[in-house]
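Undergrad: Please find one structure pasted underneath; my questions will follow.
The values are calculated or read from the model by the stated rules, or taken from the named source; none is laboratory data. Since this is a predicted model, take the numbers as computed values, not measurements. Because the Cβ atoms are built from the backbone with ideal geometry, glycine has one as well, and the counts that use them run over all protein chains shown.
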Amino acid sequence: MLSRTADHLFWMARYTERAENTARMLDVSLQTSLLPQSEASVELLWRGMLGICELQPQYDARYPSLAPRSVLDFMTRDPSNPSSIASCLHAARENARAVRGTLTTEVWETINATWLEMKQRIANVEHDPGQFFEWVKYRSHLSRGVTVGTMLRDEALYFSRLGTFLERADNTARILDVRYHALAGQGATAEDHDGGRSIDFYHWTAILRSVSAFEVYRKVYSDTITPARVAELLILRADMPRSLASCMNDVVANLAQVGNAYSRETERRAGLLQADLQYGRIDVILHQGLHAYLTTFLQRVNDLADRVSRDFLVPLAAA
């Protein structure tokens, strides 16, 4: 497969997944901001989300002050923000259009229809942001299902899946880290956060719902929601679809399908990260510190994404 074609498929999937995960992150931040707390805590929550997305400087350059409505506008439809939902869905559609002949008709029509409908829905997002976020998640699920259900099991599918799971791993880690920043902003100690006390029940419930894991948590643990168990579910449980372990299993599997003589080091690093998650223990992670662990994980995932670009795709500088 031509590297340019693989590049478009990889980024088509990444941008679709990124739009969904941005919607999830905004949804959990919005729900959490509505809970009883001080205005300072709410502001720190939104600043934490912008900081973790590495968008604080861009936001400050566009808006005079921090307000939930402004953050929602910036993260949903601001064209100057390449990670806004509108920008992501537009980029996914343009990448799909560039490789229209490689996709099935169903995949193209799903992605194109999402973009066209989004332009209508996003105009009134401030009236019911929760409904808009649910629509974004639904369209992402539909796109992913149509891709798996209609495309040939060849490199085109493997590169798109590789993009999906690298992006999902990155965003699951960031959503967990949003919660860390919220705790830090409210003055919680490391012991409160890492020791597993059952604190801030509704905040952690919002985290679980943001990654469609609330019912899964109840089925797996059948007990009170605690930070340690939430972290274990979303980091180490390979049977949880959006966990870091599950994402890395899929990254390794898809890398093996497209591997070549130049990608052995990339496959080795992916395998090491997969092994760390497979044999990791939550008590060790929490003793190290959740924020430190997630920061290191994000660095390793971003390194993998860069290496995939060098080994298979159009180099990022050229793109």
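Undergrad: Kindly indicate which of Leu44, Leu35, Leu30 is in the same structural domain as His141 (by TED's automatic domain parsing), within 18 Å of the chain's Cα centre (by Cα), more than 30 Å from Ala98 (Cβ to Cβ) and surrounded by fewer than 24 Cβ atoms within 10 Å (Cβ to Cβ).
TA: After ruling out the rest, the residue left standing is Leu30.
Undergrad: Test of understanding: among Glu94, Glu43, which residue is modelled with pLDDT of 85 or more and touching a helix residue (DSSP H, G or I) at 6+ places or on another chain (Cβ under 9 Å)?
TA: Just one listed residue meets the conditions, Glu94.
Undergrad: So which pairs qualify, if the first residue must be in region 131-146 and free of Cβ contacts under 8 Å to residues at least 40 places away in the same chain, the second must be part of a helix (DSSP H, G or I) and among the basic types (Lys, Arg), the Cβ gap must be under 8 Å, and the two must be at least 6 apart or on different chains?
TA: Qualifying pairs under 8 Å: Trp135/Arg121.
Undergrad: Is it true that Arg229 is in a helix (DSSP H, G or I), of a type in the set (Lys, Arg) and in contact with a Gly (Cβ under 9 Å, 6 or more places away or on another chain)?
TA: Yes.
Undergrad: Starting from residues that are modelled with pLDDT of 60 or more and of a type in the set (A, V, I, L, M), keep the ones in region 183-217 and report whichever is surrounded by the most Cβ atoms within 10 Å (Cβ to Cβ).
TA: This residue is Ile207.
Undergrad: Mind checking whether some residue in region 302-314 is farther than 29 Å from Met12 by Cβ and either modelled with pLDDT of 95 or more or not hydrophobic (A, V, I, L, M, F, W, C) (or both)?
TA: Within region 302-314, none of the residues are farther than 29 Å from Met12 by Cβ and either modelled with pLDDT of 95 or more or not hydrophobic (A, V, I, L, M, F, W, C) (or both).
Undergrad: Of all the helices (runs of 4 or more DSSP H) wholly in region 72-182, which have at least 1 residues that are of a type in the set (A, V, I, L, M) and touching a Phe, Trp or Tyr at 6+ places or on another chain (Cβ under 9 Å)?
TA: Output list reads 85-98, 105-121.
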